[in-house]
Amino acid sequence: ANDNMNNIEKSLVIIKPDGVRKKIIGEIISRFEKENLTIEKLKMMKISRDLAYKHYQDHKSKNFFNILIDYITSGPVVVMIVSGKNAISRVRELMGSTDSKKAKQGTIRGDFGVDITINVIHGSDSVESAKREIDLFF
Ligand code: IDP
Ligand code: MG
């Protein structure tokens, strides 16, 4: 699917509560825009526990699920649709590894994340999850 030269994708991106608290909303959006990704939709909201369960449904059997739900519902978040050529993989490259301590310097998580849970940002991991997540949030 990625061999198309004009593979325009949409990713659902969430600046998690720690990112909002750290006042790096603008910094994160700048990193996307400098890479010529487009902010198509954007809103600030507090995620309900019900919506959090739906968003993270694939993780419900994990031992960290309750911590994850507490974290993502702990304060306001910024939710966006970020679009552009190969947007899904490019957003994830800009994010860095899930574990902030292993994420490279220069990535969002490497520069601003705390650990494997408190990691500043969510980005869809596939075209299918992007569609599901965009329907949940917009
Ligand atoms: P991703 O956000 O890089 O796609 P996922 O494996 O989908 O990573 O996990 C979703 C979120 O759950 C992570 O962003 C992080 O906040 C949290 N998380 C992932 N793995 C762990 C873990 O092993 N312990 C605690 N929290 C975790
Ligand atoms: Mg994921």
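Throughout, read-outs are computed from the coordinates displayed, never taken from laboratory work. None of the values given here were measured: they were computed from a predicted structure. No Cβ is skipped: glycine too gets one built from the backbone with ideal geometry, and neighbour counts run over all protein chains shown.
Scanning the range 95-138 for residues that are of a type outside the set (Ser, Thr, Tyr), surrounded by fewer than 21 Cβ atoms within 10 Å (Cβ to Cβ) and in a helix (DSSP H, G or I) yields Gly110, Asp111, Phe112, Val127, Glu128, Lys131, Arg132, Ile134, Asp135, Leu136, Phe137. Kindly indicate whether Ile134 is of a type in the set (A, V, I, L, M), within 14 Å of the chain's Cα centre (by Cα), within 12 Å of ligand 1 (Cβ to nearest atom) and within 21 Å of Phe32 (Cβ to Cβ). No: the conditions fail for Ile134. Among helices (runs of 4 or more DSSP H) entirely within the range 22-75, having at least 1 residues that are more than 17 Å from Thr107 (Cα to Cα) and within 16 Å of ligand 2 (Cβ to nearest atom) singles out 49-55, 65-72.
Condition check: farther than 16 Å from Ile29 by Cα, of a type in the set (Lys, Arg) and within 14 Å of ligand 2 (Cβ to nearest atom). Does Arg132 satisfy that? Criteria met by Arg132.
For the range 30-57, the set of residues classified as closer than 17 Å to Asn119 by Cβ and within 15 Å of ligand 1 (Cβ to nearest atom) consists of Ile47, Ala52, His55, Tyr56, listed by residue number. Among the candidates Ile118, Ile134, Ile25, the residue that is farther than 25 Å from Asn7 by Cα, aliphatic (A, V, I, L, M) and out of contact with any Asp or Glu (no Cβ under 8 Å at 6 or more places or on another chain) is uniquely Ile25.
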